[in-house]
2 protein chains.
Amino acid sequence: MQPLRLVLVRSAEARERLVATMAGGNKAKTAAAPLAVILAADLNFHEEFHKTFPHLPGVKDWFAEETARAQAAKFNGALQVGYFILGVRAAGLAAGPMTGFDADALNKEFFGDGEHTVLAVVNIGKPGDKAWFDRNPRLEFEQVATTV
Amino acid sequence: MQPLRLVLVRSAEARERLVATMAGGNKAKTAAAPLAVILAADLNFHEEFHKTFPHLPGVKDWFAEETARAQAAKFNGALQVGYFILGVRAAGLAAGPMTGFDADALNKEFFGDGEHTVLAVVNIGKPGDKAWFDRNPRLEFEQVATTV
């Protein structure tokens, strides 16, 4: 489906506009990161199906209904956010994903068209010394998996 | 947040119940896969925060509101689905993720509690010869990324 769209926030001017929409605890690190990327879902991803599904001309019509299409955009976009985070880390860089921001303000500031919805902002760079919190505990396998 | 829950569908009886909820084109491969896994979001993932965020006792209250909590469960669950798919593939197995199923029926059949929502079903195994369709075209970098 490929709904994910990236905005690479490089200029000081754009970085300032981004930081203004971030939650308090995320402002300083977003201002300081070597690169900040806005990851958004294109709610009209089906318009690209002639490129991404050339073998199935009718598939665009499967996503004619707006609510279901938005849901598919967000779910498949979130999968791509997961791939993006692991891709950045596989490339040897640190990725700091955040969802603490004013989503309406961020959408309006960077996507005035109403056709995109921001999913996450990811700070990227080489981590400094002791840049990390301790890893939080994970749920045990038995707590998250059942066999039927 | 760790909202993802897995149901490993191993028994013939459970596999039959799963296949009954899958869309037509997904039935045969779900019946034949060595393992089928139902990936669902726990809508009350915040109940586990005493285990997963022990350093921040008040965080459970941030997710008191049901609609926002469901949204967080689905988004973070989808990230975990992305990690799960790449994890299976990194382990040398094939992962076939599907969202073509009757979600209401599937939720009801495997999670009668109304506290979970199925995100995807993933078939897992070693692929046979010529198991794959050709890779679909990807959008170009310039089509999905802008720099500001």
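In summary, B:VAL81 fulfils each of the numbered conditions (1) open to solvent by 30 Å² or more (accessible area, probe 1.4 Å); (2) closer than 12 Å to B:LEU39 by Cα with the single exception of condition (1). Please verify whether A:GLU109 is surrounded by fewer than 12 Cβ atoms within 10 Å (Cβ to Cβ) and out of contact with any strand residue (DSSP E or B) (no Cβ under 7 Å at 6 or more places or on another chain), treating the condition exactly as stated. It is false that A:GLU109 is surrounded by fewer than 12 Cβ atoms within 10 Å (Cβ to Cβ) and out of contact with any strand residue (DSSP E or B) (no Cβ under 7 Å at 6 or more places or on another chain). Within the stretch B:67-78, if we keep just the residues that are more than 9 Å from chain A (Cβ to nearest Cβ) and in contact (Cβ under 8 Å) with a residue 12 or more places away in the chain, the residue that is surrounded by the fewest Cβ atoms within 10 Å (Cβ to Cβ) turns out to be B:ALA70. Taken together, the residues in the stretch A:17-36 that are away from every other protein chain (no Cβ under 11 Å), over 23 Å from A:ALA131 (Cβ atoms) and open to solvent by 40 Å² or more (accessible area, probe 1.4 Å) amount to 1. Given the structure, is B:ALA90 among the hydrophobic types (A, V, I, L, M, F, W, C), out of contact with any strand residue (DSSP E or B) (no Cβ under 9 Å at 6 or more places or on another chain), open to solvent by 60 Å² or more (accessible area, probe 1.4 Å) and more than 8 Å from chain A (Cβ to nearest Cβ)? Spelling it out, B:ALA90 is indeed among the hydrophobic types (A, V, I, L, M, F, W, C), out of contact with any strand residue (DSSP E or B) (no Cβ under 9 Å at 6 or more places or on another chain), open to solvent by 60 Å² or more (accessible area, probe 1.4 Å) and more than 8 Å from chain A (Cβ to nearest Cβ).
Considering only residues that are surrounded by fewer than 10 Cβ atoms within 10 Å (Cβ to Cβ) and in a loop (DSSP other than H, G, I, E, B), look in the stretch A:133-145 and name the one that is modelled with the lowest pLDDT.
If we filter the stretch A:133-145 for residues that are surrounded by fewer than 10 Cβ atoms within 10 Å (Cβ to Cβ), which is where we start, we get A:133-135, A:140-142.
From what is left, the residues that are in a loop (DSSP other than H, G, I, E, B) are A:133-135, A:140.
Numbers: A:PHE133: 79, A:ASP134: 83, A:ARG135: 87, A:GLU140: 95.
The residue in question is A:PHE133.
The values are calculated or read from the model by the stated rules, or taken from the named source; none is laboratory data. None of the values given here were measured: they were computed from a predicted structure. Because the Cβ atoms are built from the backbone with ideal geometry, glycine has one as well, and the counts that use them run over all protein chains shown. For the accessible areas, the whole protein counts, side chains as well, though only heavy atoms, and no ligand, DNA or RNA atoms are used. Shrake-Rupley method; radii C 1.70, N 1.55, O 1.52, S 1.80 Å.
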